[in-house]
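Only one structure is covered here, and it is reproduced in the block below.
Nothing in this text is a laboratory measurement; each read-out follows from the coordinates by a stated rule. All of these numbers come straight from a predicted model, not from anything done at the bench. Here the Cβ is made from the backbone with ideal geometry for all residues, glycine too, and neighbour counts use every protein chain on show.
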Amino acid sequence: MFKIPRNALVFVGDGRKALFLRNTGDALSLHLTTEKVFEDVNPMTREQGSDRPGRVSAAALPGRKSAVETTDWHDLEEHRFAQTVASAMEQMVRANKVKALVVVAPPRTLADLRNAFDADVRTCVLAEIGKDLTGHTVGEIEKHLASEAAG
């Protein structure tokens, strides 16, 4: 159970979209307003490359070849996007002297963000919620967070 205080920053994101919201209400009556939105253009891997996987010959086993796994460009871009928004979050925390931060993201993105956060951001984190709410309206996000905070 946690409370989201007034002026707390709420991050809602995944590997393609990130919302920075601020609680302009209070801890009892959550009211989120949008501060920043990041969207990444990240087409599927099949749209980013058309080369077939490479093959390697094993010198120790003449006549045998094995395939090299294809690069998942879409997945790599999602990891890079998480690092980009973590950097933006660091700037917002420092510039606005944020004291409280709630991070909402799917578990994999949450892990990428945790790895990219610097010490200033980590000290502000009140809660981490492993859900994907990026497709929801701000009103729906408020309802989800109110139910999470209630326990």
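The packing ranking of peptides 93-100, 128-135, highest mean first, is 128-135, 93-100, where packing means the average number of other beta carbon atoms within 10 angstrom of each residue. Multiplying the residue separation of Thr33 and Gln83 by 0.36 nm and subtracting their alpha-carbon distance yields 15.7 nm. Look at where the Cα atoms of region 108-129 and of region 9-37 average out, and the two centres are 15 Å apart.
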